[in-house]
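Structure first, then comments.
The values are calculated or read from the model by the stated rules, or taken from the named source; none is laboratory data. None of these values were measured; they are calculated from a predicted model. Heads up, the Cβs are rebuilt from the backbone with ideal geometry, glycines too, and the neighbour counts pull from every protein chain shown. Calculation scope for accessible area: heavy atoms of the full protein, side chains included, ligands and nucleic acids excluded. Shrake-Rupley method; radii C 1.70, N 1.55, O 1.52, S 1.80 Å.
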Amino acid sequence: MPMELLVTLVLALPIAGFGLTALVGRRLGTRAWIVAVPAIVVTWAIAMVVVWTALSGGFGTDGLHFTLYQWVPAGDFTIEANFAVDNLTAVLLIVVTTVGMLVHVYSIGYMAHDPGRWRFFAYLNLFMFSMLLLVLAGNFMLLFAAWELVGLCSYLLIGFWYPRPSAAIAAKKAFLANRVGDVGFALGIFAVWTTVGTLNFTDAFERLSEGLAGGQIEAWAITGIALLLFCGAVGKSAQFPLHVWLPDAMEGPTPVSALIHAATMVNAGVYFVARANPLFSLSPEAMFVVAAIGIFTAILAASIALTQNDIKRVLAYSTLSQLGYMFASLGVGAYVAAIFHMTAQGFTKGLLFLGSGSVIHGVHEEQDMNRMGGLWRRMPITHATMLVGSLSMAGIPPLAAFFSKDEILGEAFKNGFLWVWLVGIVVAALTAFYMFRLMGKTFYGPSHVDPAVEPHVRESPRSMTVPLILLAIPAALLGLVLGLPFGAGLIGQWLEPIFEEAQLNLGLHHEPVQILGVDGVLILVSVAVATAGLAVAIRLFGFHWPLRGDDTEAQPERVAALTARAPRLYRASFRKWWFDELNDLLFVRLGGRVAHFIWWFDRAIVDGTVNGIGDVVQGAGRDLRRIQTGRVQNYALGIAIALIVMAGGFLIVTAR
Amino acid sequence: MTVAELLAIAPLVFVIGLAIALVVVDMIRPHDDRLIGIVAVVGLVVGLEVVLLANGDGTGVFGGAYVRDRLTFFLDLVFLAIALLTILFAPDYLRPRGLPMAEFAATLLFAISGAMLIGGARDLLVLFLGLELLVLPGYMLAGYAKRDGLSTEGAIKYFLLGSFSSAIFLFGLAFTWGYTGSTRVADVAVALQGVTGPGLSAGLAIGLALLTSGVAFKIAAVPFHYWTPDAYQGSPTPVTGYLSVGPKVAAFALILRLFVEALAPLKADWVDAIVILAAITMTLGNLVALTQDNIKRMLAYSSIAHTGYMLVGLAAFAGAPAGSPAAQAGLEGLLFYAAAYTFMNLGAFAVVTALQGRTGVTSQIATFAGLGRRAPLAGVLMTLFLLSLTGIPPTAGFFAKAYVILAAVQAGGWVSVLAVVAVLNAAAAAFYYLRVVVWMYMREAPDDAQPLTDSWPMKAGLAAAALGTVLFGLVPGVIIPTAQAAAQALLP
């Protein structure tokens, strides 16, 4: 029982924090965080106990399962509020609670001057609750509820500065894009229910795979269910073609971008596909779609990140691209690598976003990198921590994302997905390039900061820099701790039992890593391309060599020459391949037309037909009276016509 | 009459008595709205107690023409809740406009007694009697602001078309009687055993068409919905709230007694009509609601859409094989939906009423501008009700939709297509409900914005509606067993 109690507390504390802050937060003034932040710190501590127990084998391979109460008792349709904690959940708990806690602490400083801070902390607590519910849920229904709740929180927080029209629009965009995915997700859940009659994860996956083996369930049905559920993941994790909302979501406060739109919520799709691995692995077609969408998003987003000038947007596209990697990894059957990359990227991207927030704060709410530069002298801690994050993101050993990215690429190659590997290598080079373009434009070279602001630029307060330092530690060391030795690291020991069945379904088996053979070559190739991308970026945008003490100067004229050489490509990247314009045309303009058409249809055709027939019947010359009573008669006529149609229908149906 | 029989009709008699008592009180102390409010509210709370006391053990009264079973029990609770909520938030609208409270409350309770009569009717004529007792006071209420042209216009339209449809319905009853030789629900069901399918006599087919059209009007299903927007927009706001819930739930009670009990043997013949009605009702209701700028008109079209969702539950019953779990789940879903809809829709109307507490506030959606800032509590509650109407967990509305949709999926065949239509509709509906939320939180309030009223009955009404909306979503277990028992009472 004590463990069940602890898991319950992990959920109860954030929601209690939300309730309290929402009720009394306004009166707390500048100390609006006084409930919310301690609640999450305690949640983190409790979660760590749960994580420790899980990873040290305290719950066995199947994990801890328990039912809190019966949510829906409706005959044979029962849904329980049941929770499951296995090693996969535990890894997620580490990321969610740790980044969550640090973001909470960071927000104390970042939101100190915002009059709506109590609202901010209340929403943030609500988000933590929803996200934890999402990873702890033991059945589809509970997961779906949490899925919608995180979407709601994301909507509220993106639109936090709602008087800004761009924020309000971005919030709506995110919500709508998510809803599109959720329709598929909901249909997928219905399909699971009709096919196997249970929504419990363990039972449902078991019965689906037994049904397929026994021939009661067709293979196409499995593929259909998997793809419908995948729609939800595409929406939540912002994969092509629903990726458009994530960059705009950067309108929210930066801590939100770090927490929700980089480290946790956007990973929900990846988590879900990993959780549903017994289902997805039954359908090679679905796996192929997952891999294809993933790797396409990876290269698409990376190509856009090359030319963006808003510091947060570059990071947003980078997040998209890394999420694409994770889906590609899931699609090729490299589940452990996907979760590993998610963990590494959760910490690294959290760090980079918080760092960018610190920069934005430092230069007085400026986000355009063309108006930064040379900041490393003024903001040494922010610079050093972001450098660690960027190196990690670029895939330079021995930092965290190097290990995870390398594992993805290696597995893709070895599992026979050569095309995924090839595209992945290109993306790796692009990633290193745009990360160091960002570093160069922000921290090195001559300063382009507004002269009025320039003298006031200084390092951010301690509550912001301490979380940066704390996040830089996992961003630097996580890979060494979890990933070594290659192919047999801790992360593999934790997670492989969970994906055993999927590996079996896919016919993959775990081969020992040949560091002097194929694996060594693959590692060298990926490090080489990353270094190449990084080197080009350093040449073009400048760098400060800490040990030599001198600088590589930026070369804007060579950048200009390069972009002038391929103007079309540059424009395509800069305009984000015109996806926003396409959506505007398709949904806003055409969709608006359709809605208007239907309204017109009801008014003109439906009412019009009725009125029109009335006109004919009544004849002319009684206009005045028709205004008084005509419409009622026309309505009555409409009802009479409908009645006749219905009577005809009944007669035909019963006479056949 | 035995004690058991007296107890069985006690709730009905009590409500009629309460209505009369209100008229008497008004005669003794004219224009004392506060006293009327207290008598009505206390009376209704006692009424709920009487219903709980009378329970529902299946006692038949008047030779079996009226029955108090678990369904009657469930419906009586819903009807009394409707009356109570409406009476709690009505005074804030009526008082500033000089509309008398006593007649309003008495008329409303007479209508509710009609609804309660339908809920327990097991005879076709009693059903019709209850229906007329329900709708006649409804016409009066719609025209309650008699100096307001729009109110009168809406009432007359409602009255004329309502009478028309009542006639159609009665004609359908006559056909049914003609072919079965009985007006007793049980006897009709027995007489119809085995006559279903191809070769069903033309007379019965026409009877079914007439009955379906008649009830489709009462629940405002497309294409019998024409009266709804005009009547809803013209009526005083509390009346609109009542009209969007009371007569609708009562008409669904009529459907349960007539279609599910008496005409169940023919369900294979009428299921197609219900599937089609449900699909077009949801779709048209939602699509037209998208373009409305008047909150009452928008809620009118949205209530049409909710009729569609409730019909999905009925379709699940009719489409599933007799005795299957899906058939029962469909009915349970329908009943649960009715209860959830009562609270969330009346809650939304209560907020609209609070906004219109000062005369001169229009029903334009723009009156919601900045509400989240100027009246945070009302803003939060309105958001809750709208989220529930949208169907976002963990509110009652989510659960209600999930219930009927899952039942439809389980029923299989054509009915499961309805589930897809319902899901798509729910997604589309999010747009116009959330539009109000956008107005409340993302627009500045105009400088001349009127403050909201906050009398204690209004607060109590809002609290009750919010409690139901949250409770049914979070712990649906509090009501599902009652709904299950009610559904079981209908099935042989």
### Query
Among the residues of the range A:37-70, which ones are open to solvent by 30 Å² or more (accessible area, probe 1.4 Å) and farther than 19 Å from residue A:492 by Cα?
A:38, A:41, A:42, A:44, A:45, A:48, A:49, A:65, A:67, A:68, A:69, A:70
#### Entry: residue A:484 vs. criteria touching a helix residue (DSSP H, G or I) at 6+ places or on another chain (Cβ under 9 Å), not basic (Lys, Arg) and not assigned by the TED database to the domain that holds residue A:330
no
### Summary
Flagged pairs (Cβ under 9 angstrom, 6 or more apart or on separate chains; first in the range A:372-389, in the same structural domain as residue A:476 (by the TED database) and of a type in the set (Gly, Ala, Ser); second surrounded by fewer than 20 Cβ atoms within 10 Å (Cβ to Cβ) and assigned to a helix (DSSP H, G or I)) are A:384/A:469
### Count of residues meeting criterion [under 24 Å from residue A:483 (Cα atoms) and of a type in the set (Ser, Thr, Tyr)] in the range A:517-553
2
## Note on the structure
residue A:206 vs (1) assigned to a helix (DSSP H, G or I); (2) over 28 Å from residue A:66 (Cβ atoms); (3) away from every other protein chain (no Cβ under 13 Å): all pass except (2)
### Query
Any idea which of (1) closer than 25 Å to residue A:334 by Cβ; (2) at pLDDT 85 or above; (3) open to solvent by 10 Å² or more (accessible area, probe 1.4 Å) is the one residue A:469 doesn't satisfy?
(1)
### Message
Among the residues of the range B:46-65, are any polar (S, T, N, Q), more than 19 Å from residue B:127 (Cβ to Cβ) and either open to solvent by 10 Å² or more (accessible area, probe 1.4 Å) or over 22 Å from the mean Cα position of the chain (by Cα) (or both)?
### Response
yes
### Summary
Given the conditions (1) in a helix (DSSP H, G or I); (2) more than 18 Å from residue B:438 (Cβ to Cβ); (3) charged (D, E, K, R), every one holds for residue B:373 apart from (2)
#### Entry: Every residue from the range B:467-492 that is more than 14 Å from chain A (Cβ to nearest Cβ) and buried (at least 21 other Cβ atoms within 10 Å of the Cβ)
B:468, B:469
### Query
Filtering the range B:306-328 down to residues that are buried (at least 24 other Cβ atoms within 10 Å of the Cβ) and more than 14 Å from chain A (Cβ to nearest Cβ), which residue is farthest from residue B:266 (Cα to Cα)?
B:306
### Task
For the range B:349-364, state whether one or more residues are away from chain A (no Cβ under 14 Å), among the hydroxyl-bearing types (Ser, Thr, Tyr) and within 30 Å of residue B:74 (Cα to Cα).
yes
### Query
Can you find a residue in the range B:266-283 that is farther than 21 Å from residue B:413 by Cα and buried (at least 24 other Cβ atoms within 10 Å of the Cβ)?
no
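Residue by residue, here is whether (1) modelled with pLDDT of 90 or more; (2) over 21 Å from the mean Cα position of the chain (by Cα); (3) part of a loop (DSSP other than H, G, I, E, B); (4) farther than 20 Å from residue B:90 by Cα holds:
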{"residue": "B:359", "(1), (2), (3), (4)": "no, yes, yes, no"}
{"residue": "B:387", "(1), (2), (3), (4)": "yes, no, no, yes"}
{"residue": "B:398", "(1), (2), (3), (4)": "yes, no, no, yes"}
{"residue": "B:401", "(1), (2), (3), (4)": "yes, no, no, yes"}
{"residue": "B:405", "(1), (2), (3), (4)": "yes, no, no, yes"}
{"residue": "B:419", "(1), (2), (3), (4)": "yes, yes, no, yes"}
{"residue": "B:424", "(1), (2), (3), (4)": "no, yes, no, yes"}
{"residue": "B:427", "(1), (2), (3), (4)": "no, yes, no, yes"}
{"residue": "B:430", "(1), (2), (3), (4)": "no, yes, no, yes"}
### Query
Is there a residue being over 25 Å from residue B:78 (Cβ atoms) and away from chain A (no Cβ under 12 Å) anywhere in the range B:419-438?
yes
## Note on the structure
Selection over the range B:218-246 where residues are open to solvent by 10 Å² or more (accessible area, probe 1.4 Å) and under 11 Å from the mean Cα position of the chain (by Cα) yields a count of 1
#### Entry: Filtered residue count, the range B:286-299, keeping only those that are farther than 17 Å from residue B:390 by Cβ, within 13 Å of chain A (Cβ to nearest Cβ) and in contact (Cβ under 8 Å) with a residue 40 or more places away in the chain
2
### Message
For the list (1) farther than 18 Å from residue B:339 by Cβ; (2) touching a residue at least 60 places away in the same chain (Cβ under 8 Å); (3) within 19 Å of the chain's Cα centre (by Cα), I need the number of the one condition that residue B:283 fails.
### Response
(3)
### Summary
The residue from B:58, B:47 that alone is in contact with a helix residue (DSSP H, G or I) (Cβ under 7 Å, 6 or more places away or on another chain) and not hydrophobic (A, V, I, L, M, F, W, C) is B:47
### Query
Before we move on, is residue B:217 in a helix (DSSP H, G or I), more than 10 Å from every other protein chain (Cβ to nearest Cβ), aromatic (Phe, Trp, Tyr) and more than 18 Å from residue A:598 (Cβ to Cβ)?
no
### Matching residues in the range B:440-457 - criterion: being more than 11 Å from chain A (Cβ to nearest Cβ), at pLDDT 85 or above and open to solvent by 40 Å² or more (accessible area, probe 1.4 Å)
B:456
### Task
Looking for whichever is part of a helix (DSSP H, G or I) and not aromatic (Phe, Trp, Tyr) here; the options are A:242, A:246. Which one fits?
A:246
### Task
State the number of residues belonging to the range A:1-30 that are open to solvent by 30 Å² or more (accessible area, probe 1.4 Å) and in contact with a helix residue (DSSP H, G or I) (Cβ under 7 Å, 6 or more places away or on another chain).
11
### Task
Return yes when residue B:407 is facing chain A (nearest Cβ under 9 Å), open to solvent by less than 10 Å² (accessible area, probe 1.4 Å), touching a strand residue (DSSP E or B) at 6+ places or on another chain (Cβ under 9 Å) and touching a residue at least 60 places away in the same chain (Cβ under 8 Å) and no when it is not.
yes
#### Entry: Subset tally (residues that are among the charged types (D, E, K, R), open to solvent by 30 Å² or more (accessible area, probe 1.4 Å) and at the interface with chain B (Cβ under 8 Å from one of its Cβ atoms)) for the range A:162-203
2
### Query
Just one of A:340, A:353, A:272, A:280 is in contact with an Asp or Glu (Cβ under 7 Å, 6 or more places away or on another chain) and open to solvent by less than 10 Å² (accessible area, probe 1.4 Å); which is it?
A:340
### Message
Quick check on my filter: what residues within the range A:633-654 are small (Gly, Ala, Ser) and either in contact (Cβ under 8 Å) with a residue 24 or more places away in the chain or more than 7 Å from every other protein chain (Cβ to nearest Cβ) (or both)?
### Response
A:638, A:640, A:648
### Query
Is it the case that some residue within the range B:305-313 is touching a Phe, Trp or Tyr at 6+ places or on another chain (Cβ under 6 Å), within 24 Å of residue B:94 (Cβ to Cβ) and not polar (S, T, N, Q)?
no
